[in-house]
Amino acid sequence: LRTGTEIVPCDGSNFVPLVHVADVASAFAAALTGGPANAVFNIVAESIRNGEYLDSLAARLGVPAPSRDPQAKCPPSHRCSSEAARSALGWSPSTSIYAYDM
(Lines give C-alpha, C1' and ligand atoms only; values in the text may rest on other atoms or scores of the structure.)
Protein backbone atom coordinates (compact mmCIF):
# COMPACT_ATOMS: atom_id res chain seq x y z
CA LEU A 1 0.00 0.00 0.00
CA ARG A 2 2.80 2.42 0.84
CA THR A 3 4.48 1.93 -2.52
CA GLY A 4 1.22 2.43 -4.40
CA THR A 5 1.59 -0.83 -6.28
CA GLU A 6 -1.27 -2.73 -4.63
CA ILE A 7 -4.12 -3.31 -7.06
CA VAL A 8 -7.47 -4.69 -5.96
CA PRO A 9 -8.61 -7.31 -8.46
CA CYS A 10 -12.12 -7.00 -9.86
CA ASP A 11 -14.15 -4.50 -7.85
CA GLY A 12 -12.92 -5.59 -4.41
CA SER A 13 -16.33 -6.90 -3.38
CA ASN A 14 -15.09 -10.38 -2.46
CA PHE A 15 -15.21 -11.20 1.24
CA VAL A 16 -12.01 -12.12 3.07
CA PRO A 17 -12.24 -13.90 6.44
CA LEU A 18 -9.55 -12.18 8.47
CA VAL A 19 -8.29 -13.34 11.86
CA HIS A 20 -5.08 -12.88 13.85
CA VAL A 21 -2.96 -16.01 14.36
CA ALA A 22 -3.19 -15.64 18.16
CA ASP A 23 -6.98 -15.72 17.90
CA VAL A 24 -6.84 -18.86 15.76
CA ALA A 25 -4.67 -20.50 18.42
CA SER A 26 -7.03 -19.55 21.25
CA ALA A 27 -10.06 -20.81 19.30
CA PHE A 28 -8.26 -24.08 18.56
CA ALA A 29 -7.42 -24.55 22.25
CA ALA A 30 -11.02 -23.75 23.25
CA ALA A 31 -12.36 -26.27 20.74
CA LEU A 32 -9.98 -28.99 21.96
CA THR A 33 -10.76 -28.48 25.62
CA GLY A 34 -14.45 -27.62 25.57
CA GLY A 35 -15.93 -28.18 22.17
CA PRO A 36 -18.54 -30.79 21.40
CA ALA A 37 -17.40 -33.87 19.49
CA ASN A 38 -17.40 -33.56 15.70
CA ALA A 39 -18.13 -29.83 15.83
CA VAL A 40 -16.91 -27.57 13.04
CA PHE A 41 -16.21 -23.89 13.67
CA ASN A 42 -15.43 -21.01 11.33
CA ILE A 43 -12.91 -18.77 13.05
CA VAL A 44 -12.79 -15.18 11.86
CA ALA A 45 -12.41 -11.85 13.56
CA GLU A 46 -14.37 -10.13 10.86
CA SER A 47 -15.50 -11.04 7.40
CA ILE A 48 -14.96 -7.90 5.36
CA ARG A 49 -14.81 -7.06 1.68
CA ASN A 50 -11.26 -7.02 0.32
CA GLY A 51 -11.53 -3.54 -1.20
CA GLU A 52 -13.08 -2.10 1.96
CA TYR A 53 -10.30 -3.58 4.11
CA LEU A 54 -7.48 -2.33 1.88
CA ASP A 55 -9.07 1.13 1.58
CA SER A 56 -9.30 1.31 5.37
CA LEU A 57 -5.67 0.24 5.80
CA ALA A 58 -4.57 2.85 3.26
CA ALA A 59 -6.49 5.56 5.12
CA ARG A 60 -4.86 4.50 8.40
CA LEU A 61 -1.45 4.72 6.73
CA GLY A 62 -2.28 8.07 5.13
CA VAL A 63 -1.71 6.79 1.60
CA PRO A 64 -4.05 6.69 -1.41
CA ALA A 65 -6.49 3.81 -1.65
CA PRO A 66 -5.39 1.10 -4.06
CA SER A 67 -6.81 1.18 -7.55
CA ARG A 68 -9.23 -1.44 -8.85
CA ASP A 69 -8.68 -3.61 -11.89
CA PRO A 70 -12.17 -4.41 -13.19
CA GLN A 71 -10.66 -6.68 -15.87
CA ALA A 72 -8.93 -8.93 -13.32
CA LYS A 73 -10.60 -12.16 -12.28
CA CYS A 74 -12.44 -11.81 -8.98
CA PRO A 75 -10.89 -13.91 -6.21
CA PRO A 76 -13.08 -16.36 -4.29
CA SER A 77 -15.35 -14.78 -1.72
CA HIS A 78 -15.47 -16.30 1.78
CA ARG A 79 -18.07 -14.71 4.01
CA CYS A 80 -17.83 -16.50 7.35
CA SER A 81 -19.07 -16.04 10.88
CA SER A 82 -17.65 -17.18 14.22
CA GLU A 83 -21.09 -17.27 15.82
CA ALA A 84 -20.97 -21.04 16.42
CA ALA A 85 -17.64 -20.70 18.26
CA ARG A 86 -19.02 -17.81 20.30
CA SER A 87 -22.08 -19.82 21.31
CA ALA A 88 -20.53 -23.25 21.89
CA LEU A 89 -17.12 -22.24 23.21
CA GLY A 90 -17.61 -18.76 24.60
CA TRP A 91 -14.81 -17.72 22.25
CA SER A 92 -14.38 -14.33 20.66
CA PRO A 93 -11.42 -12.70 18.94
CA SER A 94 -9.23 -10.46 21.04
CA THR A 95 -7.07 -8.92 18.32
CA SER A 96 -8.36 -6.43 15.76
CA ILE A 97 -7.88 -7.14 12.07
CA TYR A 98 -6.24 -3.73 12.01
CA ALA A 99 -3.53 -4.74 14.51
CA TYR A 100 -0.38 -4.38 12.49
CA ASP A 101 2.99 -2.73 12.75
CA MET A 102 2.84 0.48 10.76
Sum -39500 (n - 2.57) across every DSSP H segment of at least 4 residues in the chain, then divide by the residue count to get the 222 nm mean residue ellipticity, nearest 500.
-10000 deg cm²/dmol
Within the accessible area of the range 22-102, what % is carbon and sulfur when the probe is 1.4 Å and the other protein chains stay in place?
53
Using modelled amide H (1.01 Å from N, peptide plane; none on Pro or chain starts), what sits under 5 Å from the amide H of E46, excluding residues fewer than 5 places away?
L18
If you compute percent of Cα pairs over 20 Å apart for the structure shown, which of (1) 48; (2) 53; (3) 42 do you land on?
(1)
Expected vector for the range 13-24, Karplus 3J(HN,Hα) from phi with 6.51, -1.76, 1.60 and θ = phi - 60°, integer Hz, x for Gly and Pro, equals 7, 6, 7, 10, x, 9, 7, 6, 4, 5, 6, 4
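The values are calculated or read from the model by the stated rules, or taken from the named source; none is laboratory data. A quick note: this is a predicted structure, and the numbers were derived from the prediction, not measured. Calculation scope for accessible area: heavy atoms of the full protein, side chains included, ligands and nucleic acids excluded. Shrake-Rupley method; radii C 1.70, N 1.55, O 1.52, S 1.80 Å.
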